[in-house]
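A quick write-up on the structure given underneath.
What follows draws every value from the coordinates through simple rules; no lab data is involved. Owing to the predicted nature of the structure, the values given are computational and were not obtained by experimental measurement. When we count neighbours, we look across all protein chains shown, and the Cβ atoms used for this are built from the backbone with ideal geometry, even at glycine.
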Amino acid sequence: MRVRLWGVRGSLPAPVTPERLRLRLEEVLAQFERLKDQNLPITARQFIETLPTHLTGGYGGNTSCAEVTHGSTRLLIDSGSGLRVFSDLIMKTEPQCNEFHIYFTHFHWDHLIGLPFFAPLYMKGRTIHCYAVHDDLEESLRSVFRKPTFPVPYEVVQKQIRIHKLKPREKARIGELEITPYQLDHPDPCWGVRVEGGGRSLAWAVDTECTRITREELGPDVGLYRDADLMVFDAQYSFGEALEKINWGHSSGPTGIDIALREQVKLALFVHHDPSSDCEAIGQAEDQTRQYFDQLLKARRQSGLKTSDLVWRFAREGEIIQL
Amino acid sequence: MSLTIKITNVGRDVHLSLEGVLDENCQLPEFPEVIQGELEICLEKLTMINSLGCRKWAHWIRAQAKTKGGVSLVKCSPAIMNQINILAGFLPEYARVDSFYVPYYCEGCGYEDRVLLTRGHEFDTTGLISFAEEVPCPGCKAIMAMEVLRERYFKFLARKGA
């Protein structure tokens, strides 16, 4: 199973401004000049590898969209602005592809904004299967294609869309993948999804505040996380921010770490980065989470508990994870 | 992994002792009436806290804000001090650390120890006042050094109400 992240921002797209990009370039070039002044034998590429994320590509600015592929089956999760980038690539590399599957966790704007820019929607002979637990799936999609906020009416794309209502917590098959919706903790109904294929599993937990934290509180929804090979988790806020922003619907890296450790997740990626956070701030949140993780493992060792092989990081847009 | 809580009433004060692990399964006590004195919480034997337990703690300690005499954390273990410094929200403004342990380690013989720092003696609201970063090892008489990074471990002192 392969997972590609087309958008890892939350709430609103957050492109790098020209000014910030210029400042970044200045800083990087200044550092490189200093190295060269010392006559160090290092290439530009090697040098870039040493730099922190916020000085190179950054974490990305597009909102939530992911692609899961296994065999000949491809599933998209949500249609944030990252879907537009996927669309551009598909039109170049697979222009004849005539069937797509999109699972919708919920219908907040940042998870829908890319849909009107998904080119296959406007092409005859294309079928876009749309999946969700929500009863109002079609009405929610229709709301995106509505004047005055968008000039193209839903009727133009309706023939290409197939609506599939899923049952909560029941497995459904999409080609070579199986998906199971699990409820998340968000101000409006939001359903994460466990995707399984080829003996591998993805736990998609975005958006969630994770207010239900014990296994008893989670009940059957704990099945989302159990032994997942990859967990993608909402870490929009720092831990302190998440404590303050009760019922805002988002979580933090340390909370995701603890869920992943308890449920024996192998790899955790943190997404839904806050649009107000520049890449340096996201890097600081990642560092804070790393400090927390290191201290927690130390405390576990000292308490005689087994340590963990959990691997985690804050996700970057465009990342490809081969499970 | 569990948490043991002991509650003792001392006049108008309430003394609470937490032992074990503070995680998502812990049940923190409810006080039906506002505590008329101080709520003193001993964290000497708290061995580990995770973020889920910290969140429960943060919500719980906010509920103790009405305690007339304030909230005092005493004998905070190194595990707690690390989390106080990393996880914002663990220590609200109206709660103060009145004593905490600093771990020491002897490179010579591997001896480990903890030294208790107390408010008004080794530190106050302005920061560290009388504090030894190195102490003699009781085992081999060599010098034991702090087993923490100073700028990280004492970071909480800069917070208001610390």
Sparse-neighbour loop sites [GluC sites (Glu not before Pro); segment A:163-256; at most 12 other C-beta within 10 Å; DSSP]: A:Glu170
Helix axis angle, B:51-63 relative to chain B longest principal axis, alpha carbon, degrees: 50 degrees
Virtual spin-label span in nm between B:Glu107 and B:Ser130, 7 Å along Cα→Cβ: 2.9 nm
³J(HN,Hα) computed for each position of segment A:183-200 - Karplus, 6.51 cos²θ - 1.76 cosθ + 1.60, integer Hz, glycine/proline x: 6, 10, 10, 8, x, 10, x, 9, 10, x, 8, 9, 10, 10, x, x, x, 10
Entries of A:Lys266/B:Lys75; B:Lys6/B:Lys141; A:Lys147/A:Lys171; A:Lys36/A:Lys266; A:Lys245/B:Lys68; A:Lys167/A:Lys266 with Cα pairs more than 32 Å apart: A:Lys266/B:Lys75; B:Lys6/B:Lys141; A:Lys147/A:Lys171; A:Lys36/A:Lys266
From the C-alpha gyration tensor of chain B, square roots of 5λ in Å: 29, 17, 15
Helix-only mean residue ellipticity at 222 nm for chain A, each DSSP H run of n ≥ 4 adding -39500 (n - 2.57), per residue, nearest 500: -8500 deg cm²/dmol
Volume per residue that the Cα convex hull of segment A:17-57 spans, once the total is divided by residue count, Å³: 58 Å³
Mean projection area, nm², convex hull over Cα of segment A:202-297: 5.9 nm²
Rounded Å value of the spacing that divides the Cα centres of segment B:46-110 and segment A:267-309: 19 Å
Trypsin sites (Lys or Arg not before Pro) within segment B:49-102, DSSP loop, no more than 13 other Cβ atoms inside 10 Å: B:Lys66, B:Lys68
Derived scalar couplings ³J(HN,Hα) [segment B:30-37; Karplus, 6.51 cos²θ - 1.76 cosθ + 1.60; whole Hz; x for Gly, Pro]: 9, 10, x, 10, 4, 6, 7, x
Semi-axis lengths, Å, the protein assembly as shown, gyration tensor of Cα atoms, sqrt of 5 times eigenvalues: 46, 28, 20
Residues whose placed amide H lies under 5 Å from that of A:Ile113, excluding near-sequence neighbours: A:Ser81
Normalised contact order of chain B, rounded percent, pairs of Cα under 8 Å and 6 or more residues apart: 17 percent
Under the Karplus curve 6.51 cos²θ - 1.76 cosθ + 1.60, θ = phi - 60°, whole-Hz ³J(HN,Hα) for segment B:121-131, x wherever Gly or Pro sits: 10, 8, 8, 8, 5, 8, x, 6, 10, 8, 8
Chain B: calculated mean residue ellipticity at 222 nm from DSSP helix runs of at least 4, using -39500 (n - 2.57): -4500 deg cm²/dmol
Cβ-based charge dipole, the protein assembly as shown, positive-most Cα from A:Leu40, A:Gly304, B:Tyr101: A:Leu40
Cysteines having no other Cys beta carbon under 4.7 Å from their own, within the protein assembly as shown: A:Cys65, A:Cys97, A:Cys130, A:Cys190, A:Cys210, A:Cys279, B:Cys26, B:Cys42, B:Cys54, B:Cys76
Positive-end extreme of charge dipole, segment A:176-323 - chosen from A:Ser238, A:Gln284, A:Ala268 (charges on Cβ): A:Ala268
Relative contact order, percent, chain A [alpha-carbon distance under 8 Å, six or more residues apart]: 19 percent
Restraint check, B:Lys66/B:Lys155; A:Lys298/B:Lys56; A:Lys165/B:Lys56; B:Lys45/B:Lys66, Cα-Cα greater than 28 Å: A:Lys165/B:Lys56
Rough spin-label spacing in nm, given labels placed 7 Å along Cα→Cβ, for B:Leu149 and A:Arg226: 3.9 nm
